[in-house]
Structure formats: structure tokens, C-alpha cells
Amino acid sequence: MSTRVQTQGRLINRDRPVSFKFNGGLMKGYQGDTLASALLANDQMLIGRSFKYHRPRGVVASGSEEPNAIVGLGTGNRFEPNQRATTTEIFHGLTATSQNHWPSLNYDVGIVNNLLSRFLSAGFYYKMFIHPRPFWKHVYEPFIRHSAGLGKAPDAESRDEDRYEHFYAFTDVLVIGGGVAGLQSALTAARSGAKVLLLEQTAHLGGRAPVDGGTIDGMEPEAWVEKARAELAALPNAQIRTRTMGAGVYDHGYVLGYERLTDHAPEVAGPRHRLWRIRTAQIITATGAIERPLSFAGNDIPGVMLASAVRDYLVNYGVSPGDRTVVVTNNDDAYRTAIALVQAGLKVPAILDARPQGRGALMSEAKSLGIRVETGAAAVKVKGAKRVHSVCRGVQAGEGEVLEEIFCDAVAMSGGWSPVVHLWSHCGGKLTWDTEQAAFRPDPDRAPTSHDGNPFVIASGAADGAFHLNKVLQNAAVAGQTAAHRVGVETGGIVVPNGTAPDEAALAPVWMMPQGAKKKLRMKAWLDYQNDVKVSDVQLAAQEGFESVEHTKRYTTLGMATDQGKLSNINGLATLANALGEDIPRVGTTTFRPPYTPISMGAIAGEARAEIFQPIRKTPMYDWHDAHGAHWEPVGHWRRPYAFLRSGESVHDAVNREVQATRKSLGLLDASTLGKIIVKGPDAGRFLDMLYTNMMSTLKPGKCRYGLMCSENGFLSDDGVVARIDEDTFLCHTTTGGADRIHAHMEEWLQTEWWDWNVWTVNATEQFAQVAVVGPNARKLLEKLGGMDVSKEALGFMEWKDGTLGGFPVRAYRISFSGELSYEIAVPANLGRAFWDKLLEAGKEWDITPYGTEALHIMRAEKGFIMIGDETDGTVIPQDLGLDWAISKKKEDYIGKRAQARAHMTDPKRWKLVGLETLDGSVLQDGAYAIAEGANENGQTNTQGRVTSTYHSPTLNKGIAMGLMLNGPDRMGEVISFTNGDNPAAKARIVNPVFFDPEGDKQNV
Amino acid sequence: MLLITCPYCGVAAEETELHGGGEAHLKRFGPGSNDDDFTSYLFHRENPKGVHFERWRHVNGCGKWFHAARCTNTLEVFGSYSAQTTEPPKDLLDTIRAKRPGFTWRDLA
Amino acid sequence: MSDVALALGGASFEGLVKIEELAGQGMVTLRGDLTDKAIAAGVLDVFGVTLPSTRETVFAANTGALWMSPDEALLLCAYNEAQAKADELATKLANVHALVVNVSDARAVFQLKGSMLREVIAKLAPVDMSPDAFSPGMVRRTRMAQVAAAFWMDDASTARVVCFRSVGEYVFNLLSNAADANASVRHYST
């Protein structure tokens, strides 16, 4: 059984017990434990069920590469599925639950899949569920969705209670990994004066060195690590962040770091995760190496672990996975585990070494401790169900004859080490196959390159394929020196500490154990534990013609689970290479993509949640609106009142009331969101003549003119009223959504095409609050406020004037978007609310009625005025909308003019704007199509037009609409059928789009 | 994430401060131009694997449009320069020729 | 004028830094060739400051000038003097190609006070806020989270942040959130 031993445990504090819950049961661990070490200490060997076959699974590894020990953490609003027990630090009150089983971890009916496994091979889903076709959607998919899925999604109603944030950091040299290699690289670079930031994903520096032993400059590695840490901490140009993973390397030296601040201590206030958005000149990846499993039958039974993990649990946490551990290996490193176990008083019945012989110092040491070593040996299979029962020994060169059954309760396996090349590869770093170590390592001649074309990633230590402690230190120092040199600081002579460790004999590549294993064994030899992919699946894929490693990956799902195949990829592609009879480097690897391990969605979102999820733009009168029943409508990032609801009133009623009150007496609209761009210069008139379809240069100071703007494609993009302020200066109004876009449009043409024209622009949109005072009593209200002459004679239609009203400095525009007598009054934004209040107070006698965007829309539609975004959709030209009057015939050029002369644009069959009136007074559906005779080649009903705006007109008390119609203006009076959802077609008559006051009598008073 | 230095304010701006504006050095064709020229101006774009000349705007910054020469394959930025020119500066072309012998782009080489 | 209402009515927050919406900040945008001597003379005359070099600031007693682009400066003065100063400068530059606009109401201005202000800004803006990269005398136009903003440091523990008025509340909430007392990063050595 797995248990806590009395010695060792360098990372735990035995004076600080910590209690936590696993599947409801209370367990005890110590401060410093990971959830995995604490579970093992409680003899909880079985931690989850596998994804596909629901096989019992336990801890395999001791770090972020763990595929099996995946749990749901927390409860309620803090529940998170698929968390690795090996990287979860325990705390008092931690709650973990196992995954992928029903009804319980110990008794799971899904295990039936295991019995059916010979039918569930690679590509099973593709082959099985394709016929009959309709079954996919209605039978197969619902069933598969129910039974598949890794972990359980949090409850849809739950809300993350934690805070997250981003942080932008800049450095010369970023070192990823705080093992001895990372520390040495950081020291070398930092001593030279370069700015260094070191990230370590765990809570501890030193990496594997303190567990693996040896000496550095005569010190225990742990002591050297502390010395290095202290030196870095004392340097003003160096910084270490622990619990911070280098998650991804991106173009031009951009790196994401994932800092976990309170996962281990949820009682601490402050952000849970911080996403570091780092820009660095050079990156040193000191990310170490990951041990590979061996592919023998039963290698997934709980108790079969990586040899390094067994050693880690013993040395770091004082936990023994078993009393009797068989070590299976193809290299010397695993002997360290055997030695450590025996030195701790535990039993190692045998070391099964696949190599024909071994001569290393570690083998000698093991033998001298009395450990039985079998060379040329294989684990033919491991027996056991929910935990290891025995190992069957055979010969590696054979087919799987069992020579001996060795009883044990744990197996420590090692198939060699793979450098962690993920971060090297994220941004295009290439790999080279190291035959001697049977591993891919970074090819320094093909490093990722940055904005200047020079390499910006350097691998260090084991991540570069340097495994002996002394080589690690040397390699790391050179990496630090190279980085410093590349950022322009000179290191001079560098000091490299002396590392001592036993020399190791060469490993022998072992991709299948035994090498000639029969199919029955191969079907139980797991490559990818998390996605349940076996040796036989990859071989089947190869047999079925999936030769590319990327295809095989997708067909078998090898490496596609949350662990992204950290343990399985190399074994999988070696298996594929063997099956194809190819060399491993020719088969190659799949693409390494960030993040290195999953990072939280919260960290990605950062601060963007709740009220700061996105910017909400507010006018100076926002608070008044909010307090007076505003039914809000988003318009870009602005919030505008759609209507103001009085107590008990429906939105529809409120809109009708607002329209009628305005038409009858007096309405008030917050028009502050309209864009206001000042354009000035000797060439301003000429410039606006190019921007607008109509002539602006002839506009007289004091006057206003409605104008249309098109893109160079000819399509209508914005409209608004232009006021000429003086000879050199214009003020251009844009639509609410158009201010920033049109200002950018102006700057683009001025900066990139007509840079010799003398024109300046300023977007003054937010300098002013603007209020439309609308209705037959509008003038009376302004006259009551007093201060300036707003009579017809002094301020005619389409004129503007500066002055004061009620003591406020104003600019008054006599313009109308409603057909009523109307003034738009601009005041400085900081006075906007006071001015609004003043108008409301003074307007009481005329029952002044604030109205929202829907009343605005209805009133403009009653007048046949187009709305950008309703009548236009990026494919409509002004000519389609009957706006030819606003297109200058005199101008040689304007933006869009040439495009409007293209054949398709002048086609008489283009749909044109008309008004539509339903026969029964109902309201047409928005976007409804006008039905034409017959059907197209796809069997769809032909169309001859569509509705662009549709409303109930309270003024006319009937449904009115605008639409684009084939030959529309020539078909006045014709009745057309319109689509009407699932109802019978709606009938509407083509009419003039100006429904109300066509002569303009109401506004010209 | 790209890092391009704005030639107007000197900021080495990350992509989130920038707005891409497509191909550089287009010659505008207006009214009176023939269909081929106009279609080419409006729709036809270079799509090189390699050296490319582009327009960018430092939109979350000084607001200036500028040009950049960039390799679409390696993302190397050879240089950035004024928006107010109809062709890349000679020293930049020399730099590119040295780094990418034999490159061509439209009629540049 | 008593009717003057700021975007947030003078909100404040205290955490890693003290954040206050500043009342009384006048702002005038100047568009023109900043190397033009007549423009420089006009600015010196009306605002009492020389025009700043690229990405720099110049301050006098209660006025200042911030470099915004090669052809744009933001001139600072008291709020109630801004319109008059803008008009005066426009008059002085009548014969020069320049555009002067009072934008005092178009912006919200926040003051950040405290030694942690670099951290607070660095949580929101893609800008190197380390002391060797950004210091008093510099101004930076950039984005803060999802909106455009500019900031400068008056001294080692005082910064001002300017954004558009309509997103003033958003930026204030961003800054307050970033300045949460429990969210220090301790990244900068000073």
C-alpha cells in the first residue's frame, strides 16, 4: 500500500497538518503536500476513471505532465473540473472529487466499455456512427455526449467568485524554469547587468536536482539552489516569480505567464490568477525534461508510476507508493529510484533493465545495495485491477513469454527522458533527433526568430538535452551568456559551477516491451492514458493509411486530451514510425501549441468582468435617463434610452406616447452621441467635397447641409449634417456609431493620400452634450429660456448660431430629423445635465416629453428619412435610396464616385427604396422578403425586394415600412406579398416613402 | 504578437496599439479611369510569402499612419517609414535586398 | 460655474494608490506643425510653456503642454480659463494653419497618487512602466484595457490619466480594480 514514511519529505512541514476532503471522505496531509502526494499518503491509489474505457487510474507522475490524477476541485461557485492533483497544493478545507465514473469511483458501470474495448478501437466513432445518417443527430450524438466528456462542466448558474488580472511586464531576458539550469542561466545573464525575470511554475526552486542528488561546487544541490536564489534576490535587475508558469511563447518575444496566487491559499484576499503579458528580448527555456513511460501491457494500472515520480514522492513528500516496488527501465536514471527506495528501508524485488547489459556506476551502486538486477529483461505485463498485484518478467527481445511473476504493489518505470521543447517550439523553433538519447531536442541553428530576424529563444539545461548535472550547469551558463550577449551586454568571463554526479551508461530505445509483444499485450499497452489510446490503436491507424503524424493524432486522439500528450507523444510517434517502417525524425512531431498546461478562463479574461466587462459609453444625461425609466439600447458601446417607461407602461405604449407628445407639443432627445468632427484649413472645403457625395465647399458660413459619405467601393457608409463655422472651418455631424470610424476615415485620407492638403481635424464629439428640442412648441420653450433670437427670421431652417439660452453658452442648429420644428442645441458636456434639467423644468407647461431612439426612428420613418444601418448594410449605394439629389453632378470626383459608375452599380435592376403600407394596418416583419414568381435553382422562392425598416406609426395609426424593391419607384400602388414567418404572406402596397407631411409644412415654421 | 516601431512617435508598439491597413503604395484611380485600372486599385492585392509592404496606423497611440516592410513568412520587420511617400525609401530597400536577395514585390526588386 | 458636472462628479478610491477624478482640469487640443515657430510663440504667449519634444511634457506653474503626435499637442490650464485661452490662441494663430479646440469637457482626468502607481498602470496598459523606461517628463498615449487613454507622471508618486468623458466611469472602475489593496504585484524595485 502507499503510505507516509517517517523519513524524508523535504517539502512538507510535519508540524502543520492539513485536512481536506476527497469524494466526501476526510483525509489528512501536511502543509507542502500536493493533492497527489497527500492522496498517496492516505493510500488513495485509485483517483479516477479513464475517459473511454473507464479503467481505474492512479497517479503516474509528480508534475504538470500528469495525465491520470485529474479531479474536480472546489464546490459551487468555485468548482473547477480537470485539475491535476500533482500540481494542486493542498490547503485546509480543500475539496476534491474524482471524475468519469458512475455511480462511484469504486463501482463504475462504464467499465463495461473496457470489456468491449476490442470493438472500440481507433476511429470507432467515425466508422460506427455514420449510418444511418439521421441517427447521428438524434441518437448517437446525445448518447455520446452523455457518456463522454472529461470532467463535468460547472453549473451554468454558478459565477466565479474570484478576481483575476493582467500585468504587462518588460524585460531583457526571460528565464522560464527555476531548476538549477534556469537559476544558472539567470545568474549568468543577471550578473552581466541584463534585466532578468525568472518564472517557475511550482512553489519551489531547484527542479529535480535536490531529488536527483550530486553536488554543485561541493554543495548539496539544495544548498546551491538557496545560494543562487539569494544572489538573484539581491540583484536589483533580477526577479523570481514562483507559482508562475511560462504558458506560451508568441511572435516578437511576447510571452504569457500564468501566476497562481491563491490557489494554494484561498483564504488570502486578492486576485486568484494573474496573467503576465511579457515582452522580452530573449527567452531562455530551462523547462527541464519529462520522463517517458514504457509501453508494456497493464502500464496504466494504479501503482505503475514514472520512476522519477516515485523518487519525488519519497524524497519531497515522504510518501512511498508501495512497500515492494519493481523498477522497469531502459536507462540508468531509474536506478536512482531503486537506490532511494532501498535506502529508505523499502523493498525493490528487482530492477528489470531492457538493455542487454549495463555498466553504469548507478547499476553498480544498486547491486552493491543488494538489489537484484535483470538485464535484457522486460515487464511482459503488470497484473492487478485497482492496483498493482505483480509484474510478469520476460525477455525484452522476445514476444512475451512469462518467465517469472514478481509480486509487488508498485512499479517504477522509465523509458528515458524527453526535453520539454514546447516553449522552444511554440513560435517555430525546430527540433533535431538525438539518437544517443533517443529524444528530440532543440536545434540551435533553427531557433525561432523575432522582429529583427534574429533568434530569440535559447534552450538551457535538460530542456536542451543536457542531462548530466555538470553538463546542465555548463549548458545553462552558456545560455545565459548568449542571451546577455544578444541583448547587448557583455559577460566577460563567466563562472560555471562544478557539478558532480555519477556518469551514466547509454540508454537503449524501447518503444514496445517486449519488443515483439503480441496483439493481446499491445491492446493493453497504453500510450495516452488520458484519452485511452493504446499501442494497437496507433498501429491500426498506420495500417489504415494514416501516415502523417497529424492525421494519426486526430484519428486516434493521441495527445489531444488536457495533458496534450506530454507523456504519450514521443512514444506514440515512435510507435507510428515503427509501424510505418520509417525513422522517427522523418515522422516528426505534432505541433506544440500554447498554453503549456491549461490556464484558467478567468486569467485570460483578466479584469474584464461585471461592470468592466466592456466599456459602456455614457452621455452627461445618463443618470437622469436611468432614474426615469430608460429602457436601454446598446448603440455601439453607447447606451441610449430606447424609450422612457412610466410606471406600468409597456415599451410599445411608451414609444407611442413619446411620438404623439412630440408631434403634438414638445419632445426632448439626448442627441449627445452624434459625432461632431471639426475640420479646418484652407483645403477643408475641397476635402469635404471629396468625402461627401454632395458639394460642401459652396455651403455658406452659418448654414447647414445634409450630406452622404461613401466608401471607395461606392457604398453608403454614413450621413449627417455639416455646418460651416467660418470660411476655413466646418463641423461634421456623424451617426452615433460613426464618430470614431469617420474621424479615422478622414485622417486616413488626409495622412495617406492627400497629405499635401492643409486640413486639420479634431473629434470633438464628447466636448458637447447635444439636445434635440422637437415639436410645435419647441421655439416657445427656447424663447422662454431666452438669451438669443431663435425666430424663423433669425435662425432659419438649416441654419446654426452661437448664443446663450437660459444662461447656458450654446450652439443652436435648426435641423430636423422628425419633420417637426426642431432645434439641436449643443452645450459643453459638463453643463449637459444642468441644461437638460433646465429644459425639462421650463417645458412643463407644454408637457415636455423626453423620447428615446425608437420614437426617433419612427418619426424619421414617417418622414421617409433613411437610417444608416437600417436602409444601408454595406451593399447599398445612395442611388438605391433615391438620394440622387444629394449627389453632386458638378463634382469631378468624390470618394465612391468611380465605383458608382461600375456596371453593376448602374444596373437598372438594382432594388430601390419605396414606402410600404400594409393593407390591414399590421406591421411587416423586419427584414421580410418581397415574394416574386417562381423559384431559383435551389428551389427557394424568388424574391424581388426586402423590408429595411418597419414600424407601427402612432401618428398614422398603421403599419409603415421602408424597403428596397425591384423597379420600386415605377410600381407605386402595386400590392406585393411579403414573407411573414410561418404565417401566410403579408400584403403591402408600394407607396411614396414620405408618409407624413410631404410638403414639410410642420418643420418650416 | 507583433511589435512594430512607429516612425512618428518612436514607440515600439504591440499589435493591440496598432490597426492594420492592408497593402501599401496603392495608386488611387478615380472617375475617368478604365475598368481594369479601377478594379485593380480596388480589389487586386499582392499576397506574397515573404517581403511585403503594408500600411499600419498607431491607433492607440499617436494616431499616425505609417508604412512597414515585413516578411509574411518569418514576421521579420525590416523597417517602418512615413506614410507620406509613394515608394519605400532606398536604404530600406537596400536592407531588404541584403537580407532577402532576389526578393520581388510588384515592380520592386 | 456651479452647474459644471464632471463625468463622475469627482469620484475617488483608495487602495494601492489613491485615485481621484480631477476637477478643474482645462484641456485644449492644438493641431498644427509643432516645429512651426509662430505656433510655438503663440503657445508660449498664451500658456506660458514651450512646445514639448516627442513624447514629452512641459509644465509651468499651472499650465502645461503634452506631446500627442508630431502635429498635435494637448495644452493644460485651469478649467475655467480653457475657453478663453483657446480663443486667444486661435486668434493669435489666425494666419497660421492650425486648429485649436477646447476639449476640457470631452475628457475625464484622474490623478493617481502613491508609490504603486506604476503597477496599477501596468495592469492595464501595454507599456513598460519600469522607472528606467518611463519617468516624469514623459507622456504616453496608449490603451487601457479596451479604451484609448493617455497618462503622464508629475513626480515619482503622482500620475494623471486622461480618457474620453463617456468612458470615464469605465476607466475609473478599471483603475480602482487594478488598485485593489490586496493586488500588489511588487514588480518594480522602487
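Below, the figures for the structure above:
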quantity	calculated
Subset of the range A:691-703 (residues that are buried (at least 22 other Cβ atoms within 10 Å of the Cβ) and touching a residue at least 60 places away in the same chain (Cβ under 8 Å))	A:Leu691, A:Tyr692, A:Thr693, A:Asn694
Tabulated pairs, the range A:223-246, first touching a residue at least 12 places away in the same chain (Cβ under 8 Å), second part of a helix (DSSP H, G or I) and surrounded by fewer than 16 Cβ atoms within 10 Å (Cβ to Cβ), C-beta under 8 angstrom, 6+ apart or interchain	A:Ile240/A:Ala233
Residue in the range B:53-72 that is under 26 Å from A:Gly714 (Cα atoms), surrounded by fewer than 19 Cβ atoms within 10 Å (Cβ to Cβ), touching a residue at least 12 places away in the same chain (Cβ under 8 Å) and within 14 Å of chain C (Cβ to nearest Cβ) present	no
Residue match in the range B:3-20 (condition: at pLDDT 95 or above, in a helix (DSSP H, G or I) and not β-branched (Val, Ile, Thr))	yes
Lone unmet requirement of (1) within 25 Å of A:Tyr596 (Cα to Cα); (2) touching a Pro at 6+ places or on another chain (Cβ under 8 Å); (3) assigned to a strand (DSSP E or B) for A:Val380	(1)
Count of residues meeting criterion [more than 15 Å from the chain's Cα centre (by Cα) and at the interface with another protein chain (Cβ under 9 Å from one of its Cβ atoms)] in the range B:16-51	13
Conditions (1) surrounded by fewer than 21 Cβ atoms within 10 Å (Cβ to Cβ); (2) more than 9 Å from every other protein chain (Cβ to nearest Cβ); (3) over 25 Å from A:Ala764 (Cα atoms): number failed by C:Gln111	(3)
Selection within the range A:858-885 - in a helix (DSSP H, G or I) and either farther than 18 Å from A:Gly819 by Cβ or touching a Phe, Trp or Tyr at 6+ places or on another chain (Cβ under 7 Å) (or both)	A:Ile858, A:Arg860, A:Ala861, A:Glu862, A:Pro878, A:Gln879, A:Asp880, A:Asp884
Criterion (more than 14 Å from chain C (Cβ to nearest Cβ), among the aliphatic types (A, V, I, L, M) and outside any strand (DSSP E or B)) met by exactly one of A:Met709, A:Met690	A:Met690
Some residue of the range A:884-902 being of a type in the set (Ser, Thr, Tyr) and facing chain B (nearest Cβ under 10 Å)	yes
Any strands (runs of 3 or more DSSP E) falling wholly within the range A:574-685 and containing at least 2 residues that are of a type in the set (A, V, I, L, M)	A:630-635, A:667-670, A:675-680
Failed criterion for A:Arg640 (all others in (1) surrounded by fewer than 20 Cβ atoms within 10 Å (Cβ to Cβ); (2) under 28 Å from A:Val827 (Cα atoms); (3) touching a helix residue (DSSP H, G or I) at 6+ places or on another chain (Cβ under 7 Å) hold)	(1)
Number of the exception - A:Asn656 against (1) within 14 Å of chain C (Cβ to nearest Cβ); (2) out of contact with any strand residue (DSSP E or B) (no Cβ under 7 Å at 6 or more places or on another chain); (3) buried (at least 20 other Cβ atoms within 10 Å of the Cβ)	(1)
Filter result for the condition that a residue is within 11 Å of chain C (Cβ to nearest Cβ), of a type outside the set (Gly, Ala, Ser), closer than 23 Å to A:Asp683 by Cβ and under 39 Å from the mean Cα position of the chain (by Cα), over A:Asn763, A:Asn758	A:Asn763
Which listed residue, of C:Val127, C:Val147, is within 25 Å of C:Pro70 (Cβ to Cβ), surrounded by fewer than 22 Cβ atoms within 10 Å (Cβ to Cβ), facing chain A (nearest Cβ under 10 Å) and free of Cβ contacts under 8 Å to residues at least 60 places away in the same chain	C:Val147
Breaking point among (1) in a helix (DSSP H, G or I); (2) closer than 23 Å to A:Asp623 by Cα, for A:Ala826	(1)
Test for A:Val342: is it outside the structural domain of A:Leu199 (by TED's automatic domain parsing), in a helix (DSSP H, G or I), out of contact with any Cys (no Cβ under 7 Å at 6 or more places or on another chain) and without any contact (Cβ under 8 Å) to a residue 40 or more places away in the chain	yes
Only one of A:Ala447, A:Ala462 that is more than 28 Å from A:Arg372 (Cα to Cα), crowded, with 24+ Cβ neighbours inside 10 Å and not assigned by TED's automatic domain parsing to the domain that holds A:Pro356	A:Ala462
Single residue of the range C:23-50 satisfying the filter (more than 14 Å from every other protein chain (Cβ to nearest Cβ) and buried (at least 23 other Cβ atoms within 10 Å of the Cβ)) that is nearest to C:Gly168 (Cα to Cα)	C:Phe47
Residue, nearest to the other protein chains (Cβ to nearest Cβ), within the range A:802-825, restricted to residues that are under 20 Å from A:Pro701 (Cα atoms) and surrounded by fewer than 18 Cβ atoms within 10 Å (Cβ to Cβ)	A:Pro809
Test: residue in the range A:407-422 that is among the hydroxyl-bearing types (Ser, Thr, Tyr), away from chain B (no Cβ under 14 Å) and either surrounded by fewer than 20 Cβ atoms within 10 Å (Cβ to Cβ) or in a strand (DSSP E or B) (or both)	yes
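The values are calculated or read from the model by the stated rules, or taken from the named source; none is laboratory data. Given the structure is predicted, the values throughout are model-derived calculations rather than measurements. When we count neighbours, we look across all protein chains shown, and the Cβ atoms used for this are built from the backbone with ideal geometry, even at glycine.
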